[in-house]
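Student: Next up is a structure, given as structure tokens.
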Amino acid sequence: MTDVDDHVLDCRGMSCPLPIVKTAKAIKTIEVGDVLELLATDPGVEPDMQAWSRRTKNELLKIEKDGDVFHVFVRRTR
């Protein structure tokens, strides 16, 4: 697995559905087993990413909030 810092998607300032759309595109560009970190400020990103990861079977590792920025870590599983 590569370093998490290699796969950061910055969606700060974007509203739904853009963070999900961009995550869906970005996850296809990384290797299976790699982790993508999504940065987002839209509070809807938390429930959206939970639903997206269930639907796509990618592994939602954790969601952390630092100030107004959500850090969402997703492992590509397929």
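Student: Within segment 1-16, track down each residue that is over 15 Å from PHE70 (Cβ atoms) and either outside any helix (DSSP H, G or I) or among the polar types (S, T, N, Q) (or both).
Tutor: Matches in segment 1-16: MET1, THR2, ASP3, HIS7.
Student: Of the numbered conditions (1) surrounded by fewer than 14 Cβ atoms within 10 Å (Cβ to Cβ); (2) free of Cβ contacts under 8 Å to residues at least 24 places away in the same chain, LYS22 satisfies every one except a single condition; which is it?
Tutor: So the condition that LYS22 fails would be (1).
Student: Restricting attention to segment 31-43, report how many residues are touching a strand residue (DSSP E or B) at 6+ places or on another chain (Cβ under 6 Å) and either assigned to a helix (DSSP H, G or I) or more than 17 Å from VAL69 (Cα to Cα) (or both).
Tutor: Count: 1.
Student: Moving on to the next point. Limited to segment 44-74, what total is found for residues that are in contact (Cβ under 8 Å) with a residue 24 or more places away in the chain and not in a strand (DSSP E or B)?
Tutor: Our first condition is that a residue be in contact (Cβ under 8 Å) with a residue 24 or more places away in the chain; within segment 44-74, this holds for 44-46, 48-49, 52, 56, 58, 61, 68-74.
Applying the additional criterion that residues be not in a strand (DSSP E or B) yields 44-46, 48-49, 52, 56, 58, 68.
Qualifying residue count, segment 44-74: 9.
FYI, it's all coordinate maths here, none of it is from the lab. Source: prediction; values computed, not measured. For neighbour counting, all protein chains shown are included, and Cβ atoms are generated from backbone atoms with ideal geometry for every residue, glycine included.
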